[in-house]
Amino acid sequence: MLEELVAAVVAAGAAGLVYLTAAARVVKQYERGVVFRLGRLHGDVRRPGFTVIVPAVDRMRKVNMQIVTMPVPAQEGITRDNVTVRVDAVVYFKVVDPGAAVVNVEDYRFAVSQMAQTSLRSIIGKSELDDLLSNREKLNQGLELMIDSPAVEWGVTIDRVEIKDVSLPDTMKRSMARQAEADRERRARLINADAEYQASKKLAQAAHQMADTPSALQLRLLQTVMAVAAEKNSTLVLPIPVELLRFLERGREEGRQTPADDKADDDVDKTERAMEDLRRAVER
């Protein structure tokens, strides 16, 4: 009798241990447990820690609540200004409703991936090339809204979407390089033209100042000659004012018409001596 009682206790203990082993579940900190009883969603979501289900009746599915980083394969499309580009992106999302993520969609990861690819192609067709290259923040926000709208029903929220790279055809890269070079050349020409304009204003002011004092022009001429002569050049080009030549020519004509006019002859002689002195100074 005692042996039968001990055997019954041992059998009951073994059965209880087997039952506990089959019913015990451990949910990790970053997971949530969704329990199905006879195929139907049962009770609340199981929190992290130790939990028990009914063996052969309940089935628990664990859902990861961590943020998932999903790269979006490069999508090729035509922008609104008819440029063919390849764009890839990355999506950050997480599950906020484990029951909806298990019940409402077969595979929420695959669903988010397909929705991201479709939305990326759509955003390429609605945008211009300049927006894809310089205004990515706005495109990221639009892409996030396009993916997040259907994902709410799947118990998933989109945390962030980032466009990684925009690949352009080689012909377009060369065209953009030529455009940038032309723009830089245009700016250089504008700066040069502005400098010429300012210099011309200063020269006009200097010309007015020299017109009031003719001797300043002669001094400037001598300074130019000295500056050129200091370079030790074998050839020296000396500019002579036209007014000086006209003065000499007028002096000769007056000398031919009135040879007896000693004053005119003296002026011509002085001018010729001045030119000879200038020539000698240049030679030295």
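The values are calculated or read from the model by the stated rules, or taken from the named source; none is laboratory data. All of these numbers come straight from a predicted model, not from anything done at the bench. Here Cβ is always computed from backbone atoms with ideal geometry, including for glycine, and neighbour counts include all displayed protein chains. For the accessible areas, the whole protein counts, side chains as well, though only heavy atoms, and no ligand, DNA or RNA atoms are used. Shrake-Rupley method; radii C 1.70, N 1.55, O 1.52, S 1.80 Å.
With the requirement that a residue be open to solvent by less than 80 Å² (accessible area, probe 1.4 Å) and touching a residue at least 12 places away in the same chain (Cβ under 8 Å), what does segment 10-24 give you? I'd like the intermediate steps shown before the answer.
At the first step, the residues of segment 10-24 found to be open to solvent by less than 80 Å² (accessible area, probe 1.4 Å) are 11-16, 22-24.
Those that are open to solvent by less than 80 Å² (accessible area, probe 1.4 Å) and touching a residue at least 12 places away in the same chain (Cβ under 8 Å): A22, A23, A24.
One residue stands out among those in segment 143-164 that are small (G, A, S) and buried (at least 16 other Cβ atoms within 10 Å of the Cβ): the one that is farthest from A100 (Cα to Cα), which is A151. Counting the residues of segment 9-61 that are hydrophobic (A, V, I, L, M, F, W, C), within 21 Å of A101 (Cα to Cα) and either in a helix (DSSP H, G or I) or within 52 Å of the chain's Cα centre (by Cα) (or both) gives 8.
Suppose we filter R121, R109 for residues that are part of a helix (DSSP H, G or I), closer than 30 Å to H42 by Cβ, touching a residue at least 40 places away in the same chain (Cβ under 8 Å) and open to solvent by 50 Å² or more (accessible area, probe 1.4 Å); which single one remains? Steps first, answer last, please.
Details: R121 fails: closer than 30 Å to H42 by Cβ.
None of the other options fit; the residue is R109.
Taking the criterion of being polar (S, T, N, Q), closer than 15 Å to Y30 by Cβ and surrounded by 12 or more Cβ atoms within 10 Å (Cβ to Cβ), the only residue of segment 46-87 that qualifies is N64.
Pairs are defined by a Cβ separation below 8 Å, a sequence spacing of at least 6 or placement on different chains, a first member in segment 37-58 that is of a type in the set (A, V, I, L, M), and a second member that is open to solvent by less than 50 Å² (accessible area, probe 1.4 Å) and part of a strand (DSSP E or B); the pairs so defined are L41/V34; L41/V35; V45/R32; V45/G33; V45/V34; V52/A24; I53/V35; I53/M60.
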